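Notes for the one structure printed next.
Throughout, read-outs are computed from the coordinates displayed, never taken from laboratory work. Note that the structure is a prediction, hence the values are computed from the model and not measured. Here the Cβ positions follow ideal geometry from the backbone for every residue, glycine too, while neighbour counts run over all protein chains shown.
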Amino acid sequence: MFIFNFNNGLSYYHVDVLVNEKSVMSQSHVHDTFELVYFVKGDVYFTVEQKTRHLESGDFILIAPGMYHHVIVKSNEYERYVIRFPFIKFFQDLYDYLNTKEPFFTNCQKLGPLISNLDDYAQKYEGIVLESLMRSELLKIIAMLCYNANNAPQIGSALIDDAIKYINLHLQDTIYLDEIAAHCKVSKVLLSNEFKETVGITIMNYVAMKKAIATMKAINNGMKKGEAARKYGYNDYSTFYRGYQKLKDMKYKSLFDESV
């Protein structure tokens, strides 16, 4: 088992957690990095946005920045590898291909030796040598995932899928619950309840977080702060920043980059 955090936003984990109580659910959360999970064992239901899968050994989950996810662990053990990495330009074509598929990939046992290499490196190396080997292994895993992976069966909600697509298409507009419900042709109450049950947070908190993510991404890509804030519906940067502080207080701090 190992945990390594490197200065450039790369982090690698091999974790085997013993759970004291069955049916433990993690808080729905997001990251500002990509997250790649390789599942080893346990009785685990993993949800990414509106899609849920009962994981099988050898599954991969690729989670893009800003995508909500949580797990329900129904066994006393949950073993997995987790790699978090920032956007890396030479990954773009590989990621664009994987992004056309769902976040869950099955029948990936052929990639097991690449994952096992991470344990070997963790035991034998350190410093820049360890970081370089880990980074090279990540590229191999992503490339081979494109070549070998098959989409895994999963459970989804057509209603929540429709709502999320609407939200993502209208991030530059002012979004109201009434409008989302009207688009989905359901009542506000039904939509709100099913969204919270499926995704793990309220639909309007989801909207707020998605707008914040989009604004921060624009700023990090070089857009002026005020211009980015106005693009996504804030009156100015200070309005965005006040909302940003409130979201931090709501325990979503891991999303935000303090350099913004």
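Starting with the fewest neighbours, write out THR174, THR215, THR52 ranked by other beta-carbon atoms found within 10 Å of each beta-carbon. Before the final figure, lay out each step's value.
Numbers: THR174 9, THR215 26, THR52 19.
Going from least to most buried by this count: THR174, THR52, THR215.
In whole Hz, with x marking every Gly and Pro, tabulate ³J(HN,Hα) for region 236-245 from phi via Karplus 6.51 cos²θ - 1.76 cosθ + 1.60, θ = phi - 60°.
Per-residue couplings from phi come out as 6, 5, 5, 5, 4, 5, 4, x, 4, 5 Hz.
Note the full-extension length gain between VAL186 and ASP16 as 0.36 nm times their separation in residues minus their Cα-Cα distance, in nm to one decimal. Write out the running numbers ahead of the final one.
Values: separation 170, 0.36 × 170 = 61.20 nm, distance 4.20 nm.
Full-extension gain reported as 57.0 nm.
Taking neighbour Cβ counts within 10 Å as the exposure measure, how do ARG242, ARG80 sort from fewest upward?
Numbers: ARG242 11, ARG80 21.
Listed from fewest to most nearby Cβ atoms, that is ARG242, ARG80.
What spacing in nm lies between the two simple spin-label points modelled at ASP96 and TYR125, each 7 Å away from Cα in the Cβ direction?
Label-label distance for ASP96 and TYR125, simple model: 3.0 nm.
Using 0.36 nm per residue of separation minus the Cα-Cα distance, give me the extension gain between ASP178 and VAL82 in nm, one decimal.
Numbers: separation 96, 0.36 × 96 = 34.56 nm, distance 3.82 nm.
In short, 30.7 nm is gained.
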